[in-house]
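Note sheet for the following structure.
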Amino acid sequence: MRKLPRNARLKKPVSDTNKRDAVTSLPTGALPPKLDEALEVLRPWLDKNGDVIQRLFKVKGNPPIPAAALYIEGVIDSTEFNRDVLYPLMMHGLGADNENQSDYLINTILQTAVATGQITKAYHTDDVLHALFDGFVILLFDHMAEALVIDIRGGEMRSVQEPIVDKSISGPREGFVENLVVNVALIRRKIRDPNLVVYRTTVGQRSRTDVAVLYIEDVADPAIVAEMKKRIDEINIDVDLSAGYINQLIEDNPYTVFPLSRVVERTDIAAADLAEGRVVVISDQSPLVLIYPALFIEMFQTAEDYYEKAMVGSFWRPFRLLAFFLAVSLPSLYIALLSFQPELIPLDLLISMARARAMVPYPVVFETIIQLTIIQFIIEAGLRLPNPLGQTIGVVSGIILGQAAITAKLASPEVIIIIAIATIATFCIPNYGMAMAARIINIPLLILSATFGLFGFSLGWLLIIAHLSGLTSAGVPYFAPFAPFRFSDLHDSIIRIFLWKFKNRPASIPHQDQKRQGDGQRGGAQ
Amino acid sequence: MNSSRFQMTSKQLVFFLLGTMIATGILTLPRVASKEAGPDAWIAVLIGALVPLLSLFMIERLCRQFPDQGFIDMSIELFGRYLGGFLVLLFMAYGLFFSAVVVRVFAEITVIYMLPRTPQYVIVVLLSLGIAYAAAKGAKVVGRINELIFYIFLLLLLLTFTSLRLAEFTYLLPIGDSGITAILKSSLSTSWAFAGVEILFVVYPMITRKDKVIKAGLTALGIALILYLIATMICLVVYGASLMQQVLFPTLGLLKVVDFPLIHRLEFLFLAFWLGFGARPLMNFTMATSFNCTGFLGLDVNKHYPKIVLVVMLITGIIAEFPRNTIQALQWSSYAGYAFLIIALVYPVLYHLAAMVRKGGDVNA
């Protein structure tokens, strides 16, 4: 698999000494057994943080044990804390006898007094501090060497909603949320296979973001899984805020505009891709998950291609690919034809175009670039403004500005139509990254076509194809099944054939288990 | 990762060879073939295919004895350091010359048909840079691009069938009328259209399954022959042999025959796609020459190969500027044809002889 030079580049800022210091400056070593001393050691981190709550109490018994609960406000579920942790300890305790040795006692507390599911013990000061700021509840007891770490994380968060980016007409309306645990559970509910592995790790020295790598052990290619784990483990940044950070740090080639991973919000797409032998990377605090390896053609597939009948699915696909082609090349083609090869345009059309163009005072290239810029402004403005205002902008700019520009003879109607079609076409591409890529490669292609006509246009496309053929995603050829050409995978590329004919897993994605579904399904045909 | 950038499957080899063979040739072949042979041009094409066939067999037989050594090591082992080095240099010079001719002829066609007011050297520079980018990605990617472009080209070739409604099949008759000597004379120049098989010398060690090389080579040759035959036949029945001599690029002219409602002139569509297609030999030869060159200079392929590609491309571009005009450029392409005959036939024979001497006559084992 590709050893990436960017890793070397990444390493540098991380081995920077002051960041290392910040992390290792936490006191290591065992926690002092006495409660006062333990709190004294932790004091610097407890006092300066206004959101850390210290609750001193006594565990009921004879004699009562002084104890302290430490947690962060708003990160834990306070109802659960009061009901299942504090209440049993204060009201019931351990029963009669508290005189035994500490090791035994803490096990008794763990086993009989705290009524929560996830609970572990911690010995070291830095572990306790990390656990506290990771959002766990820490219980410290007097004269006991260990602390209890309880997971009752909760608090306010967004509930599972319909995905905003990947909308679907006939699929499930369930999107990922910002919570890793919930996201993993959403996938688990879809694939109940015990071989679905969830590998957990943390990324970011300061943010300590939980990251999960999911794959089906007996389907996914072990080499790819190992490579993805390695890449994630090599990440060494301070704060990881979104899956987008991770994506940029683990992708194969940063020098490309094309998205080398599939970024999805829909749980069903993630589940389907897992079943094809791919690896899903989930970062906490991010409602988008990453799927590796990804293919170029996948950026034009949507979930409902598979939920609707095969013919409906096959009807949509070519339009999306056409949309990509037009989004990339329509303005360039217009310029190339109009300024270099007008003989290619039918005569009647050419005359009307020329008549409109004659009024416009500057060359067609400038006209196109100006219109492209304006459209980009409109998109940007529509995104930034609040929803109702955004629509107004659309109407104002689209109708009034366009009409006024034509009347004022600042633009010919053809250019406005061409640019409008190209822009609408980018919105037809289901994948946002691919839509952006189309919008970006539009510009160099435009310049090439404006300088060298159709020759420049085809040279540009040759470069795009050469570039695409050389890309890899997790070491897998990105432009498959076109280059390298894989006939067996064409059934799910430009068209999508019947579901019962998907006998084997796609050859473009390395996998262990070739067979996807059994023979003898009738598919309702016979 | 190390050598995997220079690996090809036998399936990719088919398209790699096809891409090296079929290029500008398919545009001029019908005219060249019918110059002497007249209506029997297609027989000349058939006979012309014997040269690459022979070459293919000889090269495969030879390389089989040195499966992983590569062209340079093989030459040095057979001929010694100096003579072997000289032969490798000569091969590299041939590669440079061949790509220079391709890029120049390509630029000429582009200037004539698409950009009449652009200086031809601008096209050469632009094309060289674009191709250098593709070639620098290594054999694996070049193989993939070849394959993809071949399928696109196949779709385009279907367009030439549209001209068949003007076909006059009596143009093919009488068969064999032009005489054996004329046909043989023609077949000498038709064999040039298959120039490119000799690249097998360089790519042989990159093929993953050596036992399938000969099959892949034959498949490539077969497909090329069929496509050439189709082009020649269609041109013959549409133009007739004598009229064809007046047309510089008869195959391209076929597309002028039919007027489609929306796309006014079909040959432009063809030319727009043709860039990738006509530039393939350039890409393949640049890849091969640069690979050889890196090995010859004893440099690390993974590190220095992309830089070498740029240098090779620069030299190619300079050579391409030597011919003074279109006529001379086309003349150079016939020199390239003769050079092909030497490289494709004399080289393997020479190497086989050397191998025989070295191994004491026990070669074809």
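The length gained on full extension between B:Asp73 and B:Ile180, counted as 0.36 nm times the residue separation minus their Cα-Cα distance, comes to 34.3 nm. Full extension of the chain between A:Arg355 and A:Ile164 yields a length gain of 64.3 nm, computed as 0.36 nm times the residue separation minus the alpha carbon distance. Other residues with beta-carbon under 15 Å from the beta-carbon of B:Ala37 carry, at +1 per Lys or Arg and -1 per Asp or Glu, a net charge of 0. The GNM of chain B, with springs linking C-alpha atoms under 10 angstrom apart, assigns the highest mean-square fluctuation among B:Ser34, B:Ser334, B:Ser187 to B:Ser334. Which lysines have a Cα less than 23 Å from the Cα of A:Lys121, not counting those fewer than 8 places away in the same chain? Straight-line reach from A:Lys121, under 23 Å: A:Lys34, A:Lys58, A:Lys60.
Seen from A:Pro194, the other residues with C-beta closer than 11 Å to its C-beta sum to a net charge of -1, counting Lys and Arg as +1 and Asp and Glu as -1. Only lysines eight or more places from A:Lys48 in sequence, or on another chain, were considered; none has a Cα closer than 16 Å.
Past the 45 angstrom mark, what percentage of all C-alpha to C-alpha distances in chain A do you count? Taking all Cα-Cα pairs of chain A, the fraction more than 45 Å apart is 33 percent. Placing unit charges on the Cβ atoms of the charged side chains and taking the dipole of the protein assembly as shown about its Cα centre, the candidate lying farthest along the positive direction among B:Trp274, A:Pro63, A:Phe482 is B:Trp274.
Taking the charge dipole of chain B about its Cα centre, with +1 at Lys and Arg Cβ atoms and -1 at Asp and Glu Cβ atoms, the residue from B:Val349, B:Leu46, B:Ala216 reaching farthest to the positive side is B:Ala216. Largest GNM mean-square fluctuation among B:Leu156, B:Leu18, B:Leu29, using chain B with Cα springs under 10 Å: B:Leu156.
Summed over qualifying helices (DSSP H, 4 residues or more, each -39500 (n - 2.57)) and divided by its residue number, the protein assembly as shown shows a 222 nm mean residue ellipticity of -17500 deg cm²/dmol.
Between A:Leu56 and A:Arg206, the contour length at 0.36 nm per residue exceeds the alpha carbon distance by 51.2 nm. Largest mean-square fluctuation among B:Gly196, B:Gly25, B:Gly222, in a Gaussian network model of chain B whose springs join Cα atoms under 10 Å apart, belongs to B:Gly222. Candidate cross-link partners of A:Lys167 among the lysines, defined by an alpha-carbon separation under 24 Å and a same-chain spacing of 8 or more, comprise A:Lys190, A:Lys309.
The alpha carbon radius of gyration of chain B, expressed as a multiple of 2.2 N^0.38 Å, is 0.98. When each full DSSP H helix of chain A is screened for a Cα extent of at least 24 Å along its own axis and an average Kyte-Doolittle hydropathy of at least -1.0, the helices passing are A:310-339, A:364-384, A:432-470. Let's test the formula: R0 of 41 Å, r as the Cβ-Cβ distance of A:Lys503 and B:Thr162. What FRET efficiency results, to the nearest 0.05? With a Förster radius of 41 Å, E is 0.60.
Computed from Cα positions, the angle between helix B:326-341 and the longest principal axis of chain B comes to roughly 50 degrees.
We did not get these values from a lab; they are worked out from the coordinates using the rules stated. Everything quoted here is computed from the prediction, not taken from an experiment. Here the Cβ is made from the backbone with ideal geometry for all residues, glycine too, and neighbour counts use every protein chain on show.
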